[in-house]
Amino acid sequence: MSQFPKSAADEKPLRAVTFDFWNTIARVPTGAMTEARHRAVLAACESGGVEVEPKLVAASLEEVGMRWERSWAEGVHLHPHEAAATLVRALGVEDAVGQAVVEAFLGAGRQVDLELAPGIGSALEALGEKGIRIGIVCDVGFSGGALLRGLLAQEGLLDHFDGWAFSDEVGHYKPSPQPFEAALSSLDVRPDEAMHVGDLRRTDIAGAAAIGMRTTRYRGMHDDAEVGGVEADFVIDSHLELLELIE
């Protein structure tokens, strides 16, 4: 665990910890989500009696993915349903088939195996036992908050969380203050009473620090090598190290 100089805000009692979702709580194998969406969209078209070339599906998914990457980088929110509508137009499908494609695209995340961060369950349980309120601040991509809560429920983790802010429900991406503020409001705590844990400097660390939260960069699933980015108060490789920070 690495520790960096902290602000005076760190003298406040810690009442809450918020977590990023992707590459902090969980991840999926590289390319698995795209493959699942490709299969699901093709199946939806075939079920509706519409033949669509697999290459067209792949190209359309790539187009939608690039649009999201640009929007996310620019901080302009793209709702998953907007992305799905773009996909439907690119494929040229309509009516019931179009709706089936939307549902297949948005729900494909349920078909991918979720890999939980090592020790996350034990860390969440221990934080709860210490009276720490726990939340999520997540840029969802195309898998909305409802789907991610469902995945957490399947893994037996959902009940550990007292509040959350998913980008499709808040309408903003990190590092904008709105997602962090929404999560803190749901937890009924002030920024100087909370810590955010995430893997990305640009979104997680910079956004949380900007509103006065303490920050921890988790690199157990992804080590953000951004040069010159805002560094966190703490850098950890295991979520169990959070318990040391609380002490």
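The values are calculated or read from the model by the stated rules, or taken from the named source; none is laboratory data. None of the values given here were measured: they were computed from a predicted structure. Note: ideal-geometry Cβ built from the backbone for every residue, glycine included; neighbour counts use all protein chains shown.
Regarding the range 85-96, can at least one residue be identified that is polar (S, T, N, Q) and either touching a Ser or Thr at 6+ places or on another chain (Cβ under 9 Å) or more than 24 Å from Asp199 (Cα to Cα) (or both)? Yes, the range 85-96 contains at least one residue that is polar (S, T, N, Q) and either touching a Ser or Thr at 6+ places or on another chain (Cβ under 9 Å) or more than 24 Å from Asp199 (Cα to Cα) (or both). Criterion applied to Ala100, Ala84 was being crowded, with 16+ Cβ neighbours inside 10 Å, outside the structural domain of Ala208 (by TED's automatic domain parsing), touching a Cys at 6+ places or on another chain (Cβ under 9 Å) and of a type in the set (Gly, Ala, Ser), and the one residue passing it is Ala100.
Per the listing Ser60, Ser71, Ser7, the residue uniquely more than 30 Å from Gly156 (Cα to Cα), at pLDDT below 95 and of a type in the set (S, T, N, Q) is Ser7.
Scanning the range 23-37 for residues that are assigned to a helix (DSSP H, G or I) and either of a type in the set (D, E, K, R) or surrounded by fewer than 18 Cβ atoms within 10 Å (Cβ to Cβ) (or both) turns up Ala32, Thr34, Glu35, Arg37.
All of Glu155, Glu69 fail the test of being within 22 Å of Gly198 (Cβ to Cβ), surrounded by fewer than 16 Cβ atoms within 10 Å (Cβ to Cβ) and either touching a residue at least 12 places away in the same chain (Cβ under 8 Å) or touching a Cys at 6+ places or on another chain (Cβ under 7 Å) (or both), apart from Glu155. Once the range 206-247 is narrowed to residues that are part of a helix (DSSP H, G or I) and within 21 Å of Pro118 (Cα to Cα), the residue that is modelled with the lowest pLDDT is Ile246.
Contact map, the range 165-187: residues that are within 20 Å of Glu74 (Cβ to Cβ) paired with residues that are among the charged types (D, E, K, R), Cβ distance under 6 Å, separation 6+ or inter-chain. Pairs shown: Ser167/Asp139; Tyr173/Asp139; Lys174/Asp139. Just name the residue that is surrounded by the fewest Cβ atoms within 10 Å (Cβ to Cβ) out of those in the range 191-230 that are of a type in the set (Lys, Arg) and touching a residue at least 24 places away in the same chain (Cβ under 8 Å). Here the residue is Arg202. Of the helices (runs of 4 or more DSSP H) contained entirely in the range 52-159, those carrying at least 1 residues that are under 18 Å from Val170 (Cβ atoms) fall at 54-74, 80-91, 95-107, 145-154. Considering only residues in the range 140-168 that are over 12 Å from the mean Cα position of the chain (by Cα) and among the charged types (D, E, K, R), the one that is farthest from Glu181 (Cα to Cα) turns out to be Glu155.
Given the residues Thr216, Thr203, which is the only one that is within 13 Å of the chain's Cα centre (by Cα), under 18 Å from Thr24 (Cβ atoms) and not assigned by TED's automatic domain parsing to the domain that holds Arg37? Spell out the reasoning first.
On the way: Thr216 fails: within 13 Å of the chain's Cα centre (by Cα).
From the options Thr216, Thr203, the qualifying one is Thr203.
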